[in-house]
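Read-outs throughout are calculated quantities, based only on the coordinates presented, and are distinct from any laboratory measurement. All of these numbers come straight from a predicted model, not from anything done at the bench. A quick note on method: Cβ atoms are made from the backbone with ideal geometry, for glycine too, and the neighbour counts reach across all protein chains shown.
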2 protein chains.
Amino acid sequence: MTNPITITRAGSRPSAEAPAEHFTGHVRFDPLFDASAAAPFSGAYVTFEPGARTAWHTHPAGQHLVVTAGVGRVQEWGKPVEEIRAGDVVWVAPGVKHWHGASPAVAMTHIHLTGALAGQGAEWLEKVSDGQYGQ
Amino acid sequence: MTNPITITRAGSRPSAEAPAEHFTGHVRFDPLFDASAAAPFSGAYVTFEPGARTAWHTHPAGQHLVVTAGVGRVQEWGKPVEEIRAGDVVWVAPGVKHWHGASPAVAMTHIHLTGALAGQGAEWLEKVSDGQYGQ
């Protein structure tokens, strides 16, 4: 049984470095909340230093991104790179191959909100090459 | 069918005044995204001017609040008022009677992330009296 109301205080959850296996450059996670039975999606701030980005990946249950600071990029496989800025909201439908990250010169922070299918929130693929990133 | 990736640009969705029926004081909604079949929860920034608050209410599927600015208050029915500040995260379990809002002198903004049960995200109850708010 969970508490009726749970307050997780600022500063009580440590920052975490994103795994080098699935990210290029320096990327920091600041967790907000984990998925639960009642609300089966997790949330975290993700901060990408300039030039940093995810690998190509898909989300079995989709993902919302709420850009809270800076300027970044998102690209669907086979489509042009799109610039995203603070205040933009991105929806990535289930199963869509894509990447997201900072712009080359400016960092970017977004909140990710990600559901899971059979316990899996992301399926990771190959890294985004400098050529793909720089297009 | 939805698009593979949808970018909703900052400034493209108008702010909305919260309905006076369920809120006290001036409260503004800035929508982020609506619930969908793949991601059955909605999200919005909610900004409460000093002294403004929700009515008492419950969430059939629970609710996450991510406080992004200022200082506010949250209270579970029968429990003390708790102060919340930028960076705090609140989880309200399904069916728990509560209210949230700004502090008396300082505004508060949070993102709400709210699931729905049978299409309903909130069940609204009586207003929070000045005495309850000021405790």
With the 8 Å Cα cutoff and a minimum separation of six or more residues, the stretch A:19-106 has a relative contact order in percent of 31
In whole angstrom, the spacing between the Cα centers of the stretch B:58-133 and the stretch A:67-83 equals 33
In whole angstrom, largest first, the equivalent ellipsoid semi-axes that the Cα gyration tensor gives for the protein assembly as shown are 34, 18, 17
Listed by chain and number, the lysines with an alpha carbon less than 30 angstrom from that of B:LYS127, same-chain partners under 8 positions apart left out, are B:LYS79, B:LYS97
Nearest-0.05 FRET efficiency for B:VAL81 and A:LYS79 at R0 = 51 Å, using Cβ-Cβ distance, is 0.55
One quarter of the C-alpha convex hull surface, i.e. the mean projected area of the stretch B:95-135 in nm², amounts to 3.9
Per residue of A:63-69, other chain Cβ atoms within 10 Å number on average 4
Computed about the Cα centre, the charge dipole of the stretch A:71-135 from +1 Lys/Arg and -1 Asp/Glu charges at the Cβ has a magnitude in debye, to the nearest 20, of 40
Averaged over the residues of B:8-15, the number of partner chain Cβ atoms within 10 Å of each residue's own Cβ comes to 3
Along the stretch A:33-40, Karplus-curve 3J(HN,Hα) (6.51, -1.76, 1.60; θ = phi - 60°) to the nearest Hz, with x for Gly and Pro, reads 7, 9, 5, 9, 4, 6, 10, x
Gyration tensor (Cα only) of the stretch B:46-135 to equivalent ellipsoid, semi-axes in Å sorted down, yields 20, 15, 11
Among the stretch B:36-53, those whose backbone N falls under 17 Å of a label point 7 Å along Cα→Cβ from B:ALA105 are B:49-52
The equivalent-ellipsoid semi-axes of the stretch B:31-94, taken as the square roots of five times the Cα gyration tensor eigenvalues and listed largest first in whole Å, are 22, 16, 11
Among the stretch A:115-135, those whose backbone N falls under 20 Å of a label point 7 Å along Cα→Cβ from A:LYS97 are A:121-135
Taking only Cα atoms of the stretch B:1-67, the Rg to Rh ratio with Kirkwood Rh works out at 1.01
Between A:GLU123 and B:ALA20, the FRET efficiency computed from the C-beta separation at R0 = 45 Å comes out, to the nearest 0.05, as 0.45
